[in-house]
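The values are calculated or read from the model by the stated rules, or taken from the named source; none is laboratory data. Note that this is a predicted model, so its numbers are computed, not measured. Neighbour counts run over all protein chains shown; Cβ positions are idealised from the backbone, glycine included.
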Amino acid sequence: MKKAISMILVLCLLLSLAACGGTGKSGSGTPSAPPEGTGTPAPSAGTDEPSGTEPSETPSEAPTETPGTETAGGKTLVVYFSATNNTEAVAGYIADAAGADIFELVPTEPYTAGDLDWTDPDSRVSREHEDESLRVVELENAVPDNWSEYDTVFVGYPIWWGGAAWPVNGFVTSNDFTGKIVIPFCTSASSGMGESGELLAQMAGTGDWQDGRRFGSGVSEDEVAEWVDSLGLASGGASMVYFTSDISPEGLMKVYEALGVELTGDNIAVKLSTGEPPASNYLDPDLIRDLVEHVDGTIVECNTAYGGSRSETNMHYQVAEDHGFTDLGKGFVIMDEDGESMILPVEGGQRLTENYVGAHFGDFDGFLVLSHFKGHMIAGFGGAIKNISIGIGSQEGKNLIHTAGRSHTSWFGGEQDAFLESMADAGKSVVDALDGNILFINVMNRLSIDCDCNGRPAEPDIHDIGILASTDPVALDQACLDLIYEAEGSESFIRRVEGQNGAHVLEAGETIGLGSRTYQLENIDE
Ligand SMILES: Cc1cc2nc3c(=O)[nH]c(=O)nc-3n(C[C@H](O)[C@H](O)[C@H](O)COP(=O)(O)O)c2cc1C
């Protein structure tokens with residue numbers, strides 16, 4: 001387990017954990033166990049706005065705010081079935097230790113004490129055990145709310161006849177675990193977990209299932225909390241962000257591997273900015289080549305909404321070639337090359353109900369979002385959120401984000417905070433559409449106050465910092481912004497961010513559930 005050297009926990013509010021339902025239980029006793037085993041179951045890194053010439057209409061100065069002072073959002077969920085409350089107790093301990101939400105699986109027809117009497121060959125469990133076709137247990141609700149927001153899911157159940165109690169099956173088969181870390185846990189009188197976790201993983205067919213852990217029926221809270229700590233999950237609703245100061249192909253691979261999750265599917269997109277000529281700070285192809293090949297990715301971009309060299313498809317393909325992005329992985333695609341958009345719904349957005357992305361977005365199963373972190377004339381800064389919103393937007397989509405849904409044809413004239421909120425909305429639609437099969441890496445080098453959409457960016461005032469990775473784009477951008485605030489020579493960058501109220505995109509992202517501004521930074525160099 002890697003050592004967390006830096007904990008930046010910015011909690012003003014603790015998550016309020018949903019109470020465990022407790023309905024339909026048949027008492028708190030633990031029946032003695034039946035016999036088991038009878039079968040159960042250089043240049044380095046924009047996307048969008050003007051190069052060189054600034055628009056005459058510069059957004060007005062906005063109130064300044066120090067980043068990282070807001071509340072947390074939960075990203076871990078504990079799901080459990082419990083017939084006699086033992087697993088429920090453990091689920092509660094895990095939720096407390098991990099700062100997680102909790103979700104109980106309640107059979108529509110709850111198990112009574114008589115139902116659970118395994119010594120009676122005519123009891124419900126005995127009959128269900130004997131006849132596999134009877135083990136389909138209808139649940140009051142098999143699909144947790146806001147499922148796509150959870151990166152990590154604990155799944156808890158009692159051991160019945162050496163395997164997972166079957167009421168949990170309905171949950172496992174009803175949800176897509178793609179992009180999630182799944183950690184099974186169980187309670188039993190004496191049996192181990194056996195193959196219960198593996199069998200559930202097979203049943204699910206998706207998700208990164210871990211080994212899990214069995215607990216005795218009367219396990220203490222301390223023992224459970226110790227196990228949760230040993231998993232190295234971010235606590236208190238924080239999202240994990242991994243850091244390396246090693247800005248090299250090896251460093252990039254290591255920080256990616258630290259995420260502990262792989263993208264799933266045959267067609268993986270690697271979203272980056274091709275960079276505006278002649279001298280912008282786009283990501284160095286040699287830095288990213290190994291990782292792009294590791295994920296067998298296709299580099300993807302969208303045309304810009306302003307003039308410049310990347311607003312028209314042929315010219316943009318030429319720039320991509322000139323900048324070395326066409327011979328990496330499976331090649332290069334401009335997702336809106338035909339000028340077409342695909343429309344994604346925005347669930348729970350503040351400004352947008354629809355997001356227009358490049359039409360080829362739908363060709364890909366998962367996205368690796370590689371962003372060069374830098375300042376930005378309009379957004380204040382650009383990182384992961386900007387890359388998945390403006391960066392994946394078609395030209396029409398970019399106009400809509402800039403104007404908070406007002407104009408399909410022009411990006412000028414939007415109100416600043418509404419624009420920032422629209423970026424968060426658009427980003428959420430992308431993450432939701434991929435159901436979490438998306439990972440984020442920000443490279444903090446060539447830290448100019450100007451975006452890579454600027455062909456002649458200002459020289460950086462800050463030294464290179466490192467590479468950061470997370471499954472949470474809000475946490476990732478927040479961590480980068482905090483590192484900027486800590487860096488020597490960051491005054492010009494901070495002026496740019498605060499001048500545009502840049503941190504508001506993080507507030508908006510957290511408000512709508514795109515991610516959490518609370519994070520735990522783990523330095524993988526240590
Ligand atoms: C139908 C049934 C089958 C069980 N089978 C086993 C078993 O094979 N091995 C074991 O150690 N415990 C077994 N137990 C005991 C439970 O696994 C144990 O009491 C567990 O903690 C109950 O969790 P719960 O209170 O969350 O329902 C069984 C209990 C029941 C009701």
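For (1) among the small types (Gly, Ala, Ser); (2) in contact with a strand residue (DSSP E or B) (Cβ under 6 Å, 6 or more places away or on another chain); (3) within 23 Å of residue 260 (Cβ to Cβ), each residue gets a yes or a no:
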residue	(1), (2), (3)
456	no, no, no
475	yes, yes, yes
479	yes, yes, yes
493	no, yes, no
508	yes, no, no
514	no, no, yes
519	no, yes, yes
526	no, no, yes
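Out of 265, 260, 251, one residue alone is within 18 Å of the chain's Cα centre (by Cα), over 28 Å from residue 105 (Cα atoms) and surrounded by fewer than 20 Cβ atoms within 10 Å (Cβ to Cβ). It is 265.
Whether any residue in the stretch 217-224 is buried (at least 16 other Cβ atoms within 10 Å of the Cβ), of a type outside the set (Asp, Glu) and closer than 18 Å to residue 440 by Cα is what I want to check. No: the stretch 217-224 contains no residue that is buried (at least 16 other Cβ atoms within 10 Å of the Cβ), of a type outside the set (Asp, Glu) and closer than 18 Å to residue 440 by Cα. When the residues of the stretch 119-141 are filtered to those that are part of a loop (DSSP other than H, G, I, E, B) and buried (at least 18 other Cβ atoms within 10 Å of the Cβ), the one that is farthest from the ligand (Cβ to nearest atom) is 137. Note on the stretch 97-118: residues that are acidic (Asp, Glu) and either within 27 Å of residue 75 (Cα to Cα) or away from the ligand (no atom under 11 Å from the Cβ) (or both) total 3.
Rundown of residues vs (1) surrounded by fewer than 21 Cβ atoms within 10 Å (Cβ to Cβ); (2) assigned to a loop (DSSP other than H, G, I, E, B); (3) in the same structural domain as residue 299 (by TED's automatic domain parsing), yes/no style:
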{"residue": "314", "(1), (2), (3)": "yes, no, yes"}
{"residue": "318", "(1), (2), (3)": "yes, no, yes"}
{"residue": "339", "(1), (2), (3)": "yes, yes, yes"}
{"residue": "342", "(1), (2), (3)": "yes, no, yes"}
{"residue": "348", "(1), (2), (3)": "yes, yes, yes"}
{"residue": "355", "(1), (2), (3)": "no, no, yes"}
{"residue": "412", "(1), (2), (3)": "yes, yes, yes"}
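Identify, please: which residue in the stretch 171-190 is in contact with a Phe, Trp or Tyr (Cβ under 9 Å, 6 or more places away or on another chain), more than 13 Å from residue 80 (Cβ to Cβ) and modelled with pLDDT of 95 or more and is, among those, farthest from the ligand (Cβ to nearest atom)? Taking the candidates together, the pick is 175. Does the stretch 235-248 include one or more residues that are within 16 Å of the ligand (Cβ to nearest atom) and over 20 Å from residue 152 (Cα atoms)? So far as the stretch 235-248 goes, no, none of its residues is within 16 Å of the ligand (Cβ to nearest atom) and over 20 Å from residue 152 (Cα atoms). Residue by residue through the stretch 142-168, note down the ones that are within 11 Å of the ligand (Cβ to nearest atom) and outside any helix (DSSP H, G or I). Matches in the stretch 142-168: 156, 157, 158, 159, 160, 161, 162, 163, 164, 165.
Yes or no, residue by residue, for (1) over 17 Å from residue 301 (Cβ atoms); (2) charged (D, E, K, R); (3) outside the structural domain of residue 493 (by TED's automatic domain parsing); (4) in contact with a helix residue (DSSP H, G or I) (Cβ under 6 Å, 6 or more places away or on another chain):
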residue	(1), (2), (3), (4)
364	no, no, no, no
392	no, no, no, yes
405	yes, no, no, no
429	yes, no, no, no
432	yes, yes, no, yes
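Are any residues in the stretch 200-209 surrounded by fewer than 21 Cβ atoms within 10 Å (Cβ to Cβ) and in a helix (DSSP H, G or I), and if so, which ones? Of everything in the stretch 200-209, those that are surrounded by fewer than 21 Cβ atoms within 10 Å (Cβ to Cβ) and in a helix (DSSP H, G or I) turn out to be 202, 203.
Annotation note: Cβ proximity below 8 Å between a residue of the stretch 381-409 that is acidic (Asp, Glu) and a residue that is part of a loop (DSSP other than H, G, I, E, B) (sequence gap 6+ or interchain) occurs for 396/408; 396/409. Here is the figure for the stretch 81-96: residues that are assigned to a helix (DSSP H, G or I) and more than 7 Å from the ligand (Cβ to nearest atom) total 8. Against the numbered list (1) in a helix (DSSP H, G or I); (2) farther than 29 Å from residue 365 by Cβ, residue 171 comes up short only at (2). For residue 326, the stated conditions hold: it is surrounded by fewer than 21 Cβ atoms within 10 Å (Cβ to Cβ), β-branched (Val, Ile, Thr) and farther than 26 Å from residue 408 by Cβ.
The residue that is nearest to residue 419 (Cα to Cα), among those in the stretch 476-525 that are part of a helix (DSSP H, G or I) and acidic (Asp, Glu), is 507.
A quick yes/no check of all residues on (1) of a type in the set (Ser, Thr, Tyr); (2) buried (at least 24 other Cβ atoms within 10 Å of the Cβ):
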{"residue": "390", "(1), (2)": "no, yes"}
{"residue": "396", "(1), (2)": "no, no"}
{"residue": "403", "(1), (2)": "yes, no"}
{"residue": "415", "(1), (2)": "no, no"}
{"residue": "454", "(1), (2)": "no, yes"}
{"residue": "460", "(1), (2)": "no, no"}
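The residues on offer are 212, 197, and the sole one that is at positive phi, away from the ligand (no atom under 14 Å from the Cβ) and surrounded by 14 or more Cβ atoms within 10 Å (Cβ to Cβ) is 212.
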